[in-house]
Amino acid sequence: MTILSSQITFTVGEASTESASINVTILPALGIGSGNGRLVHPTLGTYDYVYKPDETTNMDGDAIIPPVWSRAKTLRGSSNSLFPGTLRDVVVEEIWTSDHMPIDMARMLCAMWMNPPDPSAGYILWYPNYLNALGFKVILANLEINGKQFVLNKYLSKVGLVKGNVVLTLRIAGRA
């Protein structure tokens, strides 16, 4: 255990000298790559992923914010505009490409996607703790299995695993 200490003396009017101390426990930061991912739904509760995604778009140590480009036609040609993006412009996809997602995990992701909270009451919180120690307020925009919305096949009934790619699309609304 390491003990950090600090001391300062300052005068407050003509008051007598006082001494105070406090113990503060400092915990190590959540390590990068230490989790599988977490979603916290205001009514459905907390869900820790069984497996981390095989691929994640637009996220690394922090959100990757794309610039905003716009083009408009004018009488003599066109006008181009390019602006820095904001956190609310980021769309993240978590992609599980291997055939090892348990049906219970797919059903929980589906339940959170099908039951969006009222944004005035709160957002779903997303913690990509397999990449960084940050948290984000998100909207679950889409859930696809093999390019279609939540399609299950006969493989599932035999093995209990979702066969094929599962893609969860999240729109970032802010930091948690």
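The values are calculated or read from the model by the stated rules, or taken from the named source; none is laboratory data. From a predicted model like this one, the values you see are computed outputs, not experimental measurements. Here Cβ is always computed from backbone atoms with ideal geometry, including for glycine, and neighbour counts include all displayed protein chains.
Summary table
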{"quantity": "Filter result (surrounded by 14 or more Cβ atoms within 10 Å (Cβ to Cβ), modelled with pLDDT of 90 or more and assigned to a strand (DSSP E or B)) within the range 152-176", "calculated": "166, 167, 168, 169, 170, 171, 172, 173"}
{"quantity": "Residue check, residue 165 over 11 Å from the mean Cα position of the chain (by Cα) and either under 25 Å from residue 34 (Cα atoms) or aliphatic (A, V, I, L, M) (or both)", "calculated": "yes"}
{"quantity": "Selection from the range 48-79 of residues that are of a type in the set (Ser, Thr, Tyr) and at pLDDT below 95", "calculated": "51, 70, 74, 78, 79"}
{"quantity": "Residue check for residue 40: aliphatic (A, V, I, L, M), touching a residue at least 60 places away in the same chain (Cβ under 8 Å), within 18 Å of residue 113 (Cα to Cα) and surrounded by 11 or more Cβ atoms within 10 Å (Cβ to Cβ)", "calculated": "yes"}
{"quantity": "Test result for residue 122, among the small types (Gly, Ala, Ser) and within 26 Å of residue 165 (Cα to Cα)", "calculated": "no"}
{"quantity": "Residue list for the range 48-81, filter: outside any strand (DSSP E or B), within 17 Å of residue 170 (Cβ to Cβ) and of a type in the set (D, E, K, R)", "calculated": "52, 54, 60, 62"}
{"quantity": "Test: residue in the range 72-92 that is in contact with a helix residue (DSSP H, G or I) (Cβ under 9 Å, 6 or more places away or on another chain), under 17 Å from residue 134 (Cβ atoms) and buried (at least 16 other Cβ atoms within 10 Å of the Cβ)", "calculated": "no"}
{"quantity": "Residue list for the range 110-120, restricted to those being within 22 Å of residue 150 (Cβ to Cβ) and touching a residue at least 40 places away in the same chain (Cβ under 8 Å)", "calculated": "110, 111, 112, 113, 115, 117"}
{"quantity": "Tally of residues being of a type outside the set (A, V, I, L, M, F, W, C) and exposed (fewer than 12 other Cβ atoms within 10 Å of the Cβ) across the range 105-122", "calculated": "3"}
{"quantity": "Count of the range 123-151 residues which are in a loop (DSSP other than H, G, I, E, B), at negative phi and exposed (fewer than 14 other Cβ atoms within 10 Å of the Cβ)", "calculated": "2"}
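Quick grid of which residues meet (1) over 20 Å from the mean Cα position of the chain (by Cα); (2) in contact (Cβ under 8 Å) with a residue 60 or more places away in the chain:
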position	(1), (2)
72	yes, no
76	yes, no
79	yes, no
85	no, no
94	no, yes
108	no, yes
122	no, yes
133	no, yes
149	yes, no
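Residue by residue, here is whether (1) assigned to a loop (DSSP other than H, G, I, E, B); (2) touching a helix residue (DSSP H, G or I) at 6+ places or on another chain (Cβ under 8 Å); (3) at pLDDT 75 or above; (4) within 30 Å of residue 86 (Cα to Cα) holds:
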site: 3; (1), (2), (3), (4): yes, no, no, no
site: 11; (1), (2), (3), (4): yes, no, no, no
site: 21; (1), (2), (3), (4): yes, no, no, no
site: 24; (1), (2), (3), (4): yes, no, no, no
site: 27; (1), (2), (3), (4): yes, no, no, no
site: 30; (1), (2), (3), (4): yes, no, no, yes
site: 35; (1), (2), (3), (4): yes, no, yes, yes
site: 39; (1), (2), (3), (4): no, yes, yes, yes
site: 46; (1), (2), (3), (4): no, no, yes, yes
